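Single-structure report; data block below.
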Amino acid sequence: MSTVRAVLVDANRLSRDGMARIFADTKYVVAGEADGLDVFLNGEAQPENAPDLVVTDIGALEESITERVSAMRSAMPAARVVVLANRQDAHLLLECFGAGVDGCVLKDISSAALVESLDLVLLGERVFPSQLLSMLMRDNVSMKDGKPSEALSDARLSERELQILQCLVVGSSNKVIANRLNVTEATVKVHLKSILRKIKAQNRTQAAIWALNQGLADDPTLQSDSGPSRH
């Protein structure tokens, strides 16, 4: 079993010790730790060799999650970044998603579930709480205030793909999407595959969260077609 070099960033020493205990007898090895991100980024706590994984408490990111994550990416471009959050705050979780972290895990999960989540992150999955989408819909949260973002333009999604993304945001099944847009379910599946590839998402939940993050939830220009064609 190859080892994974992990760095722990948390102001709470007890939390760091607890993580180290969780990592015992796993492939994860604590290669460094710090009580703050500045201490780590300034090189005072960085391991001799670049880490494979950084696990940081959300408090260490302070009030500028995007900037802090960007700083970590610059310092350790190959490392996966996982954020530990102690509450179900839709705004914070969505900001972490938009900042490009590889995973965000709530601290109330079990030790085994945490290790499984880290395993998925190392395999290239983006891991976020399963309840995040329902939280965003419940609180009507969007970081873009309904305004399409630059990332949305860069994705080069077709009008049909944008319509399907809006359907994903409200939790529609493939059958419901097909009926709403007057296309076949097979066509919906083809479009979904294209959408996931273009926005680099692994599943429909991640695609829906991405859509919310880009301000697609209530864009009136993306209403479904009323024409009879099925394609």
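The values are calculated or read from the model by the stated rules, or taken from the named source; none is laboratory data. From a predicted model like this one, the values you see are computed outputs, not experimental measurements. Cβ sites come from the backbone with ideal geometry, for glycine too, and all protein chains shown count toward neighbours.
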Q) Are any of the residues in the range 193-205 touching a Leu at 6+ places or on another chain (Cβ under 6 Å) and at pLDDT below 85? A) yes
Q. Any chance the range 14-24 includes a residue that's at pLDDT 90 or above and either closer than 18 Å to ARG126 by Cα or part of a loop (DSSP other than H, G, I, E, B) (or both)?
A. yes
Q.
Looking only at the range 79-112, filter to residues that are at pLDDT 90 or above and over 20 Å from ASN12 (Cβ atoms); which one of those is nearest to the chain's Cα centre (by Cα)?
A. ASP102
Q.
Anything in the range 1-41 that is free of Cβ contacts under 8 Å to residues at least 12 places away in the same chain and either under 16 Å from ALA79 (Cα atoms) or of a type in the set (A, V, I, L, M) (or both)? List them, or say none.
A. LEU14, ALA24, VAL39
Q. Do we have LEU61 as over 18 Å from ASP35 (Cα atoms) and among the hydrophobic types (A, V, I, L, M, F, W, C) here?
A. no
Q.
Take the residues in the range 151-185 that are surrounded by fewer than 19 Cβ atoms within 10 Å (Cβ to Cβ), outside any helix (DSSP H, G or I) and of a type in the set (Ser, Thr, Tyr); name whichever of them is modelled with the highest pLDDT.
A. THR184
Q: Return the pairs, sorted by first residue and then second, in which the second residue is in a helix (DSSP H, G or I), the first residue lies in the range 194-214 and is among the aromatic types (Phe, Trp, Tyr), the beta carbons are less than 6 Å apart, and the residues are 6+ apart or on different chains.
A: TRP210/ILE199
